[in-house]
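The values are calculated or read from the model by the stated rules, or taken from the named source; none is laboratory data. None of these values were measured; they are calculated from a predicted model. Positions of Cβ are generated from backbone atoms using ideal geometry, with glycine treated the same way; all protein chains shown enter the neighbour counts.
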Amino acid sequence: MEESYFPIKNWSEDDKPREKLMLKGKEALSNAELLAILIGSGSRNETAVGLSKRILASAGNLNSLTKLSISQLMNFKGIGEAKAISIMAALELSRRLRSEKAVETEKITSSKMVFEIMQPIIGELSHEEFWVLFLNNSNNVISKAQLSKGGIAGTVVDARLVFKLALEYFATGVILCHNHPSGSLIPSEADKQVTKKLKVAGESLDVKVLDHLIISGAKYYSFVDEGIF
């Protein structure tokens, strides 16, 4: 007996994203449809796709969605703890994947390349972190390290630790990076002072401070690009 054909128009809304992925591939799905697959099911009054659209509309974009906590996700009607955890886990895997891909770069030739390495790590944080990239003679990234972690207002950076690590890695150059949770890309006086302090300290050790990036969301500010160095 032949299996009857059940046209797509007769599928339930919750089944469409999964079937669409199987038939057309993951690239054919919208953000809401991909999120709906993670959520799995909606409620009696709202489909998973509808719920996903509501969540994304409230967050604004995927970058903003990554900032939501489990409790904030659970504030959406239809999202329980299990679904909130699934969403958070998927977003974290995406962030780690972007970070791993960025580190695979061969040679740093622009501030944009530094941004692509560091944005997945600090771009969406609600607190400030200060990181340093350590480079060799060929401008390859040898290692990177978090030097400090603070609140919204800023962090304190120990110059001795920066260059202790640089010497341990046999680095000839460093690139400074920190984020501004406020969204502003304008360097503060403290940002300028710490850059100058580290640049002067590095000169005496033959370790060049090559740039300082301020990252916020999907944008960045480069001291070199802006002619601060």
_Just to verify a result, which residue in the stretch 151-179, among those that are over 26 Å from residue 109 (Cα atoms) and surrounded by fewer than 14 Cβ atoms within 10 Å (Cβ to Cβ), is farthest from the chain's Cα centre (by Cα)?_
160
*Residues that are closer than 16 Å to residue 166 by Cα and touching a His at 6+ places or on another chain (Cβ under 7 Å), drawn from the stretch 197-217*: none
*Within the stretch 201-229, which residues are more than 20 Å from the chain's Cα centre (by Cα) and hydroxyl-bearing (Ser, Thr, Tyr)?*
204
_Among the candidates 71, 43, 52, residue that is farther than 21 Å from residue 123 by Cα, among the polar types (S, T, N, Q) and out of contact with any Leu (no Cβ under 9 Å at 6 or more places or on another chain)_ = 71
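Here's the yes/no breakdown for (1) among the acidic types (Asp, Glu); (2) in contact with an Asp or Glu (Cβ under 7 Å, 6 or more places away or on another chain); (3) in a loop (DSSP other than H, G, I, E, B); (4) free of Cβ contacts under 8 Å to residues at least 60 places away in the same chain:
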{"site": "41", "(1), (2), (3), (4)": "no, yes, yes, yes"}
{"site": "51", "(1), (2), (3), (4)": "no, no, no, yes"}
{"site": "72", "(1), (2), (3), (4)": "no, no, no, yes"}
{"site": "75", "(1), (2), (3), (4)": "no, no, yes, yes"}
{"site": "84", "(1), (2), (3), (4)": "no, no, no, yes"}
{"site": "88", "(1), (2), (3), (4)": "no, no, no, yes"}
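Look at residue 163 and say whether it is assigned to a loop (DSSP other than H, G, I, E, B) and of a type in the set (Phe, Trp, Tyr).
Values: assigned to a loop (DSSP other than H, G, I, E, B): no; of a type in the set (Phe, Trp, Tyr): yes.
The answer is no for residue 163.
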_I'm told residue 138 meets every condition in (1) part of a loop (DSSP other than H, G, I, E, B); (2) over 23 Å from residue 107 (Cα atoms) except one. Can you identify the failing condition by its number?_
(2)
*Take residue 124 and decide whether it is in a loop (DSSP other than H, G, I, E, B), buried (at least 19 other Cβ atoms within 10 Å of the Cβ) and modelled with pLDDT under 90.*
yes
*Only one residue in 144, 83, 101 is modelled with pLDDT of 90 or more and over 21 Å from residue 195 (Cα atoms). Which one?*
83
*So residue 111 clears everything in (1) within 21 Å of residue 225 (Cβ to Cβ); (2) modelled with pLDDT under 95 except one condition, right? Which one?*
(2)
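Out of all the residues in the stretch 209-229, which are without any contact (Cβ under 8 Å) to a residue 60 or more places away in the chain and crowded, with 16+ Cβ neighbours inside 10 Å? Let's see the steps before the verdict.
So in the stretch 209-229, the residues without any contact (Cβ under 8 Å) to a residue 60 or more places away in the chain come out as 209, 212, 214, 219, 221, 223, 226-229.
Passing the criteria: 209, 212, 214, 221, 223.
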*Among (1) out of contact with any strand residue (DSSP E or B) (no Cβ under 7 Å at 6 or more places or on another chain); (2) at pLDDT 90 or above; (3) under 22 Å from residue 217 (Cα atoms); (4) not acidic (Asp, Glu), which single condition is residue 175 missing?*
(1)
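Are any of the residues in the stretch 189-200 in a loop (DSSP other than H, G, I, E, B) and over 20 Å from residue 110 (Cβ atoms)?
Step one: of the stretch 189-200, the residues in a loop (DSSP other than H, G, I, E, B) are none.
No: zero hits.
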